[in-house]
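Below: the structure, in structure tokens.
The values are calculated or read from the model by the stated rules, or taken from the named source; none is laboratory data. Note that the structure is predicted; figures quoted are calculated from it, not measured. Every residue, glycine as well, gets a Cβ built from its backbone with ideal geometry; the counts of neighbours run over all protein chains shown.
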Amino acid sequence: MARRVTKSPPPEPFEERILDIDVVDEMQGSFLEYAYSVIYSRALPDARDGLKPVQRRILYQMHEMGLRPERAHVKCARVVGEVMGKLHPHGDSAIYDALVRMAQPFSMRLPLVDGHGNFGSLGNDDPPAAMRYTECRTAPAAGLMVDSIEEDTVDFAPNYDGSEQEPVALPAAYPNLLVNGSSGIAVGMATNMAPHNLGEVIAAARHLIKHPGADLETLMRFVPGPDLPTGGRITNIAGIRDAYAKGRGTFKIRATVAVEQVTARRKGLVVTELPFAVGPEKVISKIKDLVNAKKLQGISDVKDLTDREHGLRLVIEVKNGFHPEAVLEQLFKLTPMEETFGINNVALVDGQPLTLGLKELLEVYVDHRFNVVRRRSSFRRQKRLDRLHLVEGLLVALIDIDEVIALIRASDNAAAAKSALIERFELSDTQTQYILDTPLRRLTRFDRVELESEGERLRSEIEELTRILDSDAELRKLVSSELAAVAKKYATPRRTVLLDGETQTPVAAVPLEVADDPCRVLLSSTGLLARTAGGDSTLDTSGRRAKHDVIVSAVPATARSEIGAVTSAGRLLRLSVIDLPQLPEPAPGTLAGGAEISEFLSLADGEALLCLTTLDESSPGIALGTEHGVVKRVVPDYPSHKEELEVITLRDGDRIVGAMELRTGEEDLVFITNEAQLLRFPAGQVRPQGRPAGGVAGIKLGDGARVIAFSAVDPAADAAVFTAAGSPDTLDGAAVSAKLTPFDQYPRKGRATGGVRCQRLLKGEEGLLFAWAGPAPARAATAAGKPAELPEPDPRRDGSGVPLAVPVAVLAGPV
């Protein structure tokens, strides 16, 4: 079967048109069109309401959706969809990003959106959640931006497809551009405007309304500088004045930092405010990079302790041996803790991008506000005139209500009734139609009184609005009073501190590291360690005492050196002086403060710190006395590579009861036993031994006797012996009688002898509970560190004691 083939008709002839266009002209035209679109429709704010088109569309659409502050939150995705579908023909991410920024209190000085959910964190360290999770509604400040927009206060223009109308600017009841600032990059230009304090800006605007010829200096008395949402410190005023005068200028923002004692051992820098748009993660990352690269010194750790209750708290721990002030100067120089903010006040004025100073920005806003209030007043007056016209018609009808009803009943239809009423009562078409639409139940005597009252009120309001429209002074007064009401309700205290750069203390003059200056390291009776300035001074024992101020050991040192700490277990532990907290020069005889021993040394259960010693190998060494009566002088051989050394080999069950660094080697060594025996002999009778040695016999002990005190005393200085007797079962072991005796009453005896009696025990006293020998005058304290009274000196070395008012736990003399 043959297939029929149909031929398609030939194509219709067409006229070929080829346009010869220079590529330069095409590129120029297309680029200018694109540039105009970016400048006018995206990147730059309008100087009247301070909003970019996307921000204005978000606020207007949320207003149209009824998302007022007293209403519930709705999903941000719903708002973004409404804005994108009706007003903003761009991607949803651009709309959501703008919405998020308007909800961030660290980005906006007066947030316009009340967000619910994760809207990001400072510096965008934590990005906001997706719009399907977050919720929003307008903030109270947004209500001020759209207030009276339905009263013909601003012009409207068609949206992108002509199906909707959108405002070209919002009424803006406060100067939003100055208060919240703005930033954006257009084509060939950019804007970067700093936020300001609402109360200050409104005060300047009100002054300009009253004094249109005010100069910049006068306005800067009200607006001295930006007020950033994150606080901080602005360090130079000159750049701000340039920006306010010419629209361009720079200034530096510094973090707010305080030097605090962050641990018992170290000071730190506590950051509570960061420069605008700088987050803590950015600062932490930069610090760690600089420390790893060894470009930043003196920092041991950085912690971000920020929470909702306390706000931003960034703790930078400073190493011991470094001045926190100098470290802080490094941080300002090398990290984002000091940032430069460049002001570039570019905004649209009548559709044209202009660079504006402070006065020009205020003038544009004030003129806009005059126009808004004038149009609002005209709209309200016309509404009241229209209402008054209807009220007057109703009053005419009420006067002859019976005739009105009769005319309506006699008419064949509504048109005939309308004509009859117009002819009979000389009413307008609008009044007549309103009368016909009014229910009969309202045409009563009571409603007549209400209508007459309403008419009087309308005439009064019309008169007031007419006066505003006819008088420039009244218009200015009204605008100024409305601004004052906004400031009273929404103004907040200034957050950013303004500092004149010329008056600041030159922190860089402080050296970075602590100098290796002489100091004294002190150990208190209750186990506190500290260092004070001055290596050669001594503490007077006169004067008022404070808690913990009984100094049981003190050694001279330098700030960057090491000392030794001797324990009851026979260990010598190295201790870095720079790690100890430095106290101010103490009052005579006092030491209030310090850090616990446990912050620096690890001691076993039952192990106590007895004394401090220098590690100078040219010194006479350390003298030790044990509970079993062993004495030892340690050769000062302390290898620098060992953090822990053994200074004596103790026998089983023995422990050190006293230790002291010898100053001259000519001291007398003193043992005191629980049986009230005291042995005094020259230190020269004890041959120095190496660290592993176990010592030699010091005092001869009877059965059951033990040593309760050991010390070294300078025989050339005034010294005293204190002994306290009692029973271990009495008052929880507290001594019931005590005696203070001059040291020179005790004769020297040979080493390894029994010594002499130092106190006669009374009935019920089983032995000595506490004893001490050292330089006079002695000072006593209780276990809680409170001062304790000592008995009068008793010249009898074997005399009995006298009762004590409070139990004595520790004694110390001048150090």
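Within segment 99-137, the only residue that satisfies the criterion of being surrounded by fewer than 22 Cβ atoms within 10 Å (Cβ to Cβ), modelled with pLDDT of 95 or more and assigned to a helix (DSSP H, G or I) is R101. Only one entry of I58, I21 meets the criterion of being closer than 30 Å to L178 by Cα and either in a helix (DSSP H, G or I) or modelled with pLDDT under 95 (or both), and that entry is I58. Evaluation of A417 against the conditions (1) buried (at least 17 other Cβ atoms within 10 Å of the Cβ); (2) in contact (Cβ under 8 Å) with a residue 40 or more places away in the chain shows that the sole unmet condition is (2). Of all residues in segment 734-751, those satisfying the criterion of being at pLDDT 90 or above and in a loop (DSSP other than H, G, I, E, B) are Y746, P747, R748, K749, G750, R751.
So in segment 259-277, with the set limited to residues that are outside any strand (DSSP E or B) and among the basic types (K, R), which one is farthest from the chain's Cα centre (by Cα)? Going through the qualifying residues, I end up with R265. Listed conditions (1) without any contact (Cβ under 8 Å) to a residue 40 or more places away in the chain; (2) more than 19 Å from T753 (Cβ to Cβ) are all met by G704, apart from (2).
Out of all the residues in segment 431-484, which are in a helix (DSSP H, G or I) and small (G, A, S)?
S453, G455, S460, A473, S480, S481, A484
Taking every residue in segment 424-452 that is of a type in the set (G, A, S) and pairing it with any residue that is at pLDDT below 90 and surrounded by fewer than 17 Cβ atoms within 10 Å (Cβ to Cβ), at least 6 positions away or on another chain, the pairs with Cβ-Cβ distances below 9 Å are S428/I422. Looking only at segment 229-246, which residues are over 25 Å from the mean Cα position of the chain (by Cα) and not charged (D, E, K, R)? Listed by number, the residues that qualify are A238, G239, A243, Y244, A245.
Return yes or no: is L219 within 27 Å of the chain's Cα centre (by Cα), of a type in the set (A, V, I, L, M, F, W, C) and within 16 Å of L356 (Cα to Cα)? When the stated conditions are applied, L219 does not pass them. Restricting G774, G754 to those that are of a type outside the set (S, T, Y), in contact with a strand residue (DSSP E or B) (Cβ under 8 Å, 6 or more places away or on another chain) and part of a strand (DSSP E or B) reduces the list to G774. Residues that are assigned to a strand (DSSP E or B), surrounded by fewer than 21 Cβ atoms within 10 Å (Cβ to Cβ) and among the polar types (S, T, N, Q) within segment 160-183 comprise Q165, S183, listed in sequence order. In segment 694-709, is there at least one residue being within 56 Å of the chain's Cα centre (by Cα) and not aliphatic (A, V, I, L, M)? The answer is no, given that none of the residues of segment 694-709 is within 56 Å of the chain's Cα centre (by Cα) and not aliphatic (A, V, I, L, M). In segment 543-553, of all residues being part of a loop (DSSP other than H, G, I, E, B) and out of contact with any Pro (no Cβ under 6 Å at 6 or more places or on another chain), the one that is modelled with the highest pLDDT corresponds to V550. Right, A812: in contact (Cβ under 8 Å) with a residue 12 or more places away in the chain and closer than 22 Å to T626 by Cα or not? Criteria met by A812.
Looking at G81, G29, just one residue is outside any loop (DSSP other than H, G, I, E, B), out of contact with any helix residue (DSSP H, G or I) (no Cβ under 7 Å at 6 or more places or on another chain), modelled with pLDDT of 95 or more and of a type in the set (G, A, S), and that residue is G81.
When segment 665-687 is filtered for residues that are under 59 Å from the mean Cα position of the chain (by Cα), modelled with pLDDT of 90 or more and either surrounded by fewer than 18 Cβ atoms within 10 Å (Cβ to Cβ) or closer than 20 Å to G702 by Cα (or both), the ones remaining, listed by number, are E666, L669, V670, F671, I672, T673, N674.
Segment 554-655 holds strands (runs of 3 or more DSSP E) entirely within its bounds, and those carrying 2 or more residues that are under 25 Å from V514 (Cβ atoms) map to 562-567, 571-576, 609-614.
Looking across segment 138-159, the residues that are assigned to a loop (DSSP other than H, G, I, E, B) and acidic (D, E) come down to D147, D152, D155.
Residues are listed down the side, and each one gets a yes or a no for (1) over 30 Å from P682 (Cα atoms); (2) surrounded by 14 or more Cβ atoms within 10 Å (Cβ to Cβ):
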| site | (1), (2) |
| --- | --- |
| Q745 | no, yes |
| K749 | no, yes |
| G755 | no, yes |
| L761 | no, yes |
| E765 | yes, yes |
| A784 | yes, no |
| A788 | yes, yes |
| R796 | no, no |
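Determine, yes or no, whether T256 is under 30 Å from A515 (Cβ atoms), in contact with a strand residue (DSSP E or B) (Cβ under 9 Å, 6 or more places away or on another chain) and among the polar types (S, T, N, Q). So T256 fits the description; yes. Screening G225, G213, G249 for residues that are under 23 Å from N176 (Cβ atoms) and assigned to a loop (DSSP other than H, G, I, E, B) leaves exactly one candidate, G225. Taking segment 278-333 as the range and being in a helix (DSSP H, G or I) and without any contact (Cβ under 8 Å) to a residue 12 or more places away in the chain as the test, the residues that pass are S285, D289, V291, N292, K333. Take the conditions (1) assigned to a loop (DSSP other than H, G, I, E, B); (2) under 27 Å from P493 (Cβ atoms); (3) in contact (Cβ under 8 Å) with a residue 40 or more places away in the chain; (4) not aromatic (F, W, Y); A72 misses just one of them, which is (2).
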